[in-house]
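Working notes, beginning with the structure itself.
The values are calculated or read from the model by the stated rules, or taken from the named source; none is laboratory data. Just so it is clear, the structure is predicted and the values come from calculations on it, not from any experiment. Note: ideal-geometry Cβ built from the backbone for every residue, glycine included; neighbour counts use all protein chains shown. Surface areas here come from the heavy atoms of the whole protein model, side chains and all, with no ligands, DNA or RNA. Shrake-Rupley method; radii C 1.70, N 1.55, O 1.52, S 1.80 Å.
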Amino acid sequence: MAGLGLRWKHDDRPQRYGWAPGEYIHSRCVGQLCRELEDSSFIGAKRAIICADCAYAMPDEVPVDRVAVMIDQFVAGNPDKWEQALLRPQLVGWFVGRVMKAFNGAADPDEVYAKVLAKFGSET
């Protein structure tokens, strides 16, 4: 168990990908870096499943633009409405309303409107 001394240190880095600072001693890390180690014990929050070193070695997640994805889904699901909106731009509001309804009004209406107009502008 040669890796024990290095892995059992207190770490103050912020929470990331299944690891959080804490005092709970874990017997096994499921991270990529630790898979080759014979002993992958670490200290972290009680619910942590991965050590800090493995968590910070993982690449950053690519943020998903949920509003743009929803707009694309409504355009793909309603091609006839989209064709009508291309001919009559005032129908763009129909897509804004559908996206806002899908997010239960929690999306920023100005952002939704701007993204629908950008999609509309790229198609004309």
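Descriptive notes on the structure:
- Annotation for region 17-31: no member residue is among the basic types (K, R) and modelled with pLDDT of 80 or more.
- Per the conditions (1) hydrophobic (A, V, I, L, M, F, W, C); (2) in contact with a Pro (Cβ under 9 Å, 6 or more places away or on another chain); (3) closer than 15 Å to R66 by Cβ, the sole criterion not satisfied by V112 is (2).
- The single residue among A118, A102, A114 that is closer than 30 Å to Y17 by Cβ and either within 20 Å of the chain's Cα centre (by Cα) or of a type outside the set (D, E, K, R) (or both) turns out to be A102.
- Residue in region 3-11 that is open to solvent by less than 70 Å² (accessible area, probe 1.4 Å), touching a strand residue (DSSP E or B) at 6+ places or on another chain (Cβ under 7 Å), at pLDDT 75 or above and assigned to a helix (DSSP H, G or I) present: no
- Of the helices (runs of 4 or more DSSP H) lying entirely inside region 18-124, those containing at least 1 residues that are without any contact (Cβ under 8 Å) to a residue 12 or more places away in the chain and open to solvent by 40 Å² or more (accessible area, probe 1.4 Å) are 66-77, 79-87, 92-102, 109-123.
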